[in-house]
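Worksheet: one structure, shown below.
The values are calculated or read from the model by the stated rules, or taken from the named source; none is laboratory data. Please read these numbers as outputs of a predicted model, since none were measured by experiment. Glycine also receives a Cβ, built like all others from the backbone with ideal geometry; neighbour counts cover every protein chain displayed. The accessibility values were calculated without ligands, DNA or RNA, using every heavy atom of the protein model including side chains. Shrake-Rupley method; radii C 1.70, N 1.55, O 1.52, S 1.80 Å.
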Amino acid sequence: MKDFQPNNYLKSRGFVAFTLTGVLAIGGSLSLLQTATAEAFNRQDRTAQQIKQRQPASKLPQVVANAILKAAGQRTGLQPKEFRIVKSEQIQTNGCLNLPKPAEGCTKINMQAWEVSVEAKQQRLVYRSDSRGSQVRLNEAASNIIDSNLPKSVEKAVLQEAAQAWKLPEKSFRIVKAVKANWAYGCEVSTFPNPCDPVATTGWEITLQNRQNRWVYNTDETGSLVKLSKRELLTVNTKAPTAVVDVALKLASQHLTLPTSELLIVEIKQETWPDACLGLPSSVERCMGTPTPGWRVVVEGKAKEIQVYRTDNAGSRIRTEAIAGMPPRNDEAPNSIAYAALREAGKRLNAPTSELRILQAQRQIWSDSCFGLPSPADGCAVGNFVGWRVMIDGRGQSLVYRTNEDGSQIRLEDPNTQLEGNSRL
């Protein structure tokens, strides 16, 4: 047996330690490599999933396409093959495809559906369908529907009427909808005290568009009768309460003597008014100086005919801003009545209308054609005559005027005159 040598022992232990360390290092490296490889695969899997999520929705089912093309053909009288599908997308709707019929009960479910746009000639129709094509409905509001039987005389009459009314060239309008329609006219504005007597008519409903403005006209069969039915502004989007919109349109209808359907809100925005009078106090008011949140509403009637209103948040208070030669107002009299009374008061007081205020305006039924203010030279017919009684304040004086229904006749009321025999509406 050889003698034990410490140096050889140490060298052997060092070699073993080195060998074990190498093995452990290699094992650790393999473990790290496996971890890194697994992570790389995980990243690839996640990326693949994300790409899959970003891919377009599934292709429009052929059964849905066929059902919509068939419906378009039936609607227009064209062959289904004349239409081409220009857009399709999956949407979620209720059981009525979010296009309910009058008095229809719709299930409140999130149903997978399709919205599909098809085109042929001048037609662009937008349909919605369930996923099987068993329920198909036309989205009329989004469609351009033009009946191929539209008479040229009707088309020409509508374009001429719109161009004249809105001071725009005929070629700036395009017809986006033309369908046969039964409609009536004669009750657009109040005929009080006489009853409304609507006239039923068969003809056409024509929708014109110029940029973001739309006008809906009704005509008879030939275009000899043309009536504006409704106006729309496609870009106005507001969260204003319905009560604010309704009260502004109602007052504008009274001021402009137009039905609300012919009025257009062209601007509406939130404001904070400096006081309870919405920043428009009259000379006889004391207004609490509490900031009042509300709305400013700009309404257009006929071409370049603008009214601007201020309301509180609830629409319970409303005032008219000074515009078109009139001071701020807090009354419901038609503009023709307000103009007449302010003009006469301005002459008598030698004051500009900006210094005057309408304190009160009441609709009346006068007992004679002289509004209860006869003079010796007058021959006054007895009967019921609709008119207005308007109180004007200016330069420390109050004047009261009586008018006929449109303000074309006006008389100054004597302070001592009583309203006997006349009634307020």
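Quick notes on this one:
- The stretch 123-182 - percent of accessible surface contributed by carbon and sulfur, probe 1.4 Å: 45 percent
- Proximal aspartates and glutamates to K87, defined as alpha-carbon separation beneath 18 angstrom and excluding residues fewer than eight positions away on the same chain: E115, E119, D130, E140
- Close amide H pairs (under 5 Å, H built 1.01 Å from N) link L264 with E300, residues at least 5 positions away or on another chain.
- Shown here for the stretch 144-177: trypsin sites (Lys or Arg not before Pro) in loop regions (DSSP other than H, G, I, E, B) with at most 12 other Cβ atoms within 10 Å, namely K167.
- Charge-dipole axis of the stretch 327-387 as Lys and Arg at +1 and Asp and Glu at -1 on Cβ define it, positive-most pick from P352, A381, S367: P352
- Cα→Cβ-extended label distance, 7 Å offset, between Q409 and A377, nm: 1.6 nm
- Across K101/K250; K152/K180; K177/K250; K121/K230, pairs whose alpha-carbon gap is larger than 22 Å: K101/K250; K177/K250; K121/K230
- Share of carbon and sulfur in the accessible heavy-atom surface of the stretch 248-337 [1.4 Å probe, %]: 50 percent
- Here the relative contact order of the stretch 135-272, from alpha carbon pairs under 8 Å that lie six or more residues apart, stands at 19 percent.
- Summary of the geometry: the stretch 73-92 and the stretch 237-311, compared by the centres of their Cα atoms, lie 43 Å apart.
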